[in-house]
Amino acid sequence: MTHPSIHRTIHRSSRRNARRTTLSRLLGIAAGWALGIAALGPAQAGDDVLRFGVGLYQPDKEKNDATYRPLAEHLSRQLGRPVKLYTVDTWEGLAKSLANGETDIALMGPWGYVLANHVAGAQAVASILYDGKPEYFAIMVTHPASGIKRVADLKGRSFAFGDKGSTSGYLIPYHHFQKNGIDPDTYLGRVLNTKHQAIEMQVTRGEIDAGADYNRNRDAMIADGLIKAADSVVFWTSDPLPNDAVAVRADLAKDAVFVARLRAALASVGPALSRTPQLLPPRYTGFVAKDNAFYRPIRDAGLATGKLAAQ
C-alpha cells in the first residue's frame with residue numbers, strides 16, 4: 001500500500017511540472033531557469049515550514065543569506081512558524097519557484113512577481129520601502145570616458161541587460177528602447193545578460209560601454225565601496241516604478257487569515273528597525289501593504305513589449 005505522503009508528493013509534483021511548462025513557454029528560457037532554482041531542492045516535508053525565497057540583492061549568496069536571515073527570523077517569530085530562507089540567484093528563477101509552489105513567500109522584483117501572478121496566480125501582499133517610499137528607478141549607466149550622453153549614443157556600443165526576469169535590468173529598458181523605435185538586437189553592438197552587480201563592475205572598469213541597473217543597487221555598491229560614483233555615470237532614469245514585492249503562492253494567498261498575519265508581521269518591521277537595524281539593509285525602511293493592482297505599470301510594460309502574453 002502506498003503511503004499517503006507519497007500520493008501528496010506525486011500530486012504536488014504533477015502540479016509543479018504543469019506550471020513549470022507553462023511558465024517556461026511564456027519566457028522561452030526554460031534551460032536557464034533550471035539552474036536558477038537548483039539550490040532550492042525538494043519541498044520541505046513539514047507543511048508548517050514556510051519557504052521564504054529572496055532574490056540576489058547582494059554580491060553573493062552567502063552575504064545575501066546573512067543580510068536577510070534577520071528578516072526571516074523576525075517573520076518566524078511574528079507568525080509563530082518556522083521560516084526557511086533561500087537565496088535564488090536569478091530573478092527568473094525566483095519567479096519560477098514561486099509559480100511552481102517551491103517557494104511559499106518571496107521578496108522579489110516587480111517583473112518576476114508579474115510573471116508568477118500571470119501564470120500561476122501568485123499574489124502580492126506588500127511592497128518594500130526605500131527611503132520611506134514604495135518606489136525605485138531603472139537606470140542606464142556608462143563610464144565617463146565612453147562619450148555616451150543619451151540613449152541615442154548607444155548605437156553600435158556594447159550593452160549589458162540584467163537577466164530576463166529583471167524589471168530594471170531588462171523589461172523597463174527594453175520597453176524604453178521599443179517606445180523610441182530602437183531594436184536592441186540591431187541598434188546595439190555586443191549585448192549580454194548578467195547580474196546587476198556585474199554590470200556596474202564591468203561598466204566602471206570599461207569592459208562594456210553601458211548597461212541597465214537600478215538606483216538602489218548602484219547606491220548600495222557605492223556605499224559599500226565596490227564602485228566609485230565618479231566611475232559610474234547615470235545617463236537615463238525611468239519614471240518611478242513600484243518597488244519589490246512580497247508575494248505568496250496562489251493557494252496560500254487564499255488563506256485570508258494568513259495573509260492578514262503576514263501583512264501585520266511585515267508592518268512591524270519598520271517600527272522594529274530602531275531597535276534592530278539589521279532587519280533590513282541600509283535605506284530600506286519597512287513594508288507597506290499592497291496588492292496586485294499596484295504592479296499594473298509593470299504588467300502594462302510586459303504586454304506592450306510582447307514579453308507577457310495577453311490573457
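The values are calculated or read from the model by the stated rules, or taken from the named source; none is laboratory data. On a predicted model such as this, the values are computed, not experimentally measured, just so you know. Glycine also receives a Cβ, built like all others from the backbone with ideal geometry; neighbour counts cover every protein chain displayed. All accessible areas refer to the heavy atoms of the entire protein, side chains included, with ligands and DNA or RNA removed. Shrake-Rupley method; radii C 1.70, N 1.55, O 1.52, S 1.80 Å.
Looking at the structure I just gave you, is Ser76 farther than 25 Å from Ile227 by Cα, surrounded by 24 or more Cβ atoms within 10 Å (Cβ to Cβ), polar (S, T, N, Q) and out of contact with any Gly (no Cβ under 7 Å at 6 or more places or on another chain)? Before the answer, list the steps.
Details: farther than 25 Å from Ile227 by Cα: yes; surrounded by 24 or more Cβ atoms within 10 Å (Cβ to Cβ): no; polar (S, T, N, Q): yes; out of contact with any Gly (no Cβ under 7 Å at 6 or more places or on another chain): yes.
No.
Output yes when any residue across the range 241-261 is touching a Phe, Trp or Tyr at 6+ places or on another chain (Cβ under 8 Å), on the phi < 0 side of the Ramachandran plot and surrounded by fewer than 18 Cβ atoms within 10 Å (Cβ to Cβ), and no when none is.
no
Going by the conditions given, is Glu135 open to solvent by 30 Å² or more (accessible area, probe 1.4 Å), in contact with a Lys or Arg (Cβ under 8 Å, 6 or more places away or on another chain) and either closer than 30 Å to Tyr187 by Cβ or acidic (Asp, Glu) (or both)?
Details: open to solvent by 30 Å² or more (accessible area, probe 1.4 Å): yes; in contact with a Lys or Arg (Cβ under 8 Å, 6 or more places away or on another chain): no; either closer than 30 Å to Tyr187 by Cβ or acidic (Asp, Glu) (or both): yes.
No, not satisfied.
Report the residue count in the range 132-161 for those that are over 16 Å from Trp236 (Cα atoms) and either assigned to a helix (DSSP H, G or I) or at pLDDT below 95 (or both).
Here the count works out to 1.
Considering (1) at pLDDT below 95; (2) within 17 Å of Ala138 (Cα to Cα), say which one Pro242 fails and leave the rest.
All conditions pass for Pro242, except number (1).
If you check every pair at least six apart or on different chains, which have Cβ atoms under 8 Å apart with a residue in the range 103-130 that is more than 15 Å from Leu171 (Cβ to Cβ) and part of a helix (DSSP H, G or I) first and a residue that is open to solvent by 20 Å² or more (accessible area, probe 1.4 Å) and among the hydrophobic types (A, V, I, L, M, F, W, C) second?
Correct list of pairs: Val119/Leu26; Ala120/Ala250.
Just checking, how many residues over the range 280-311 are in contact with a Gly (Cβ under 7 Å, 6 or more places away or on another chain) and assigned to a loop (DSSP other than H, G, I, E, B)?
The total comes to 1.
Kindly provide the set of residues from the range 170-207 that are closer than 21 Å to Gly109 by Cα and outside any helix (DSSP H, G or I), ordered by number.
Matches in the range 170-207: Leu192, Asn193, Thr194, Lys195.
Looking at Arg51, is it more than 22 Å from Ala220 (Cα to Cα), within 17 Å of the chain's Cα centre (by Cα) and either free of Cβ contacts under 8 Å to residues at least 60 places away in the same chain or not in a helix (DSSP H, G or I) (or both)?
Values: more than 22 Å from Ala220 (Cα to Cα): yes; within 17 Å of the chain's Cα centre (by Cα): yes; either free of Cβ contacts under 8 Å to residues at least 60 places away in the same chain or not in a helix (DSSP H, G or I) (or both): yes.
When the stated conditions are applied, Arg51 passes them.
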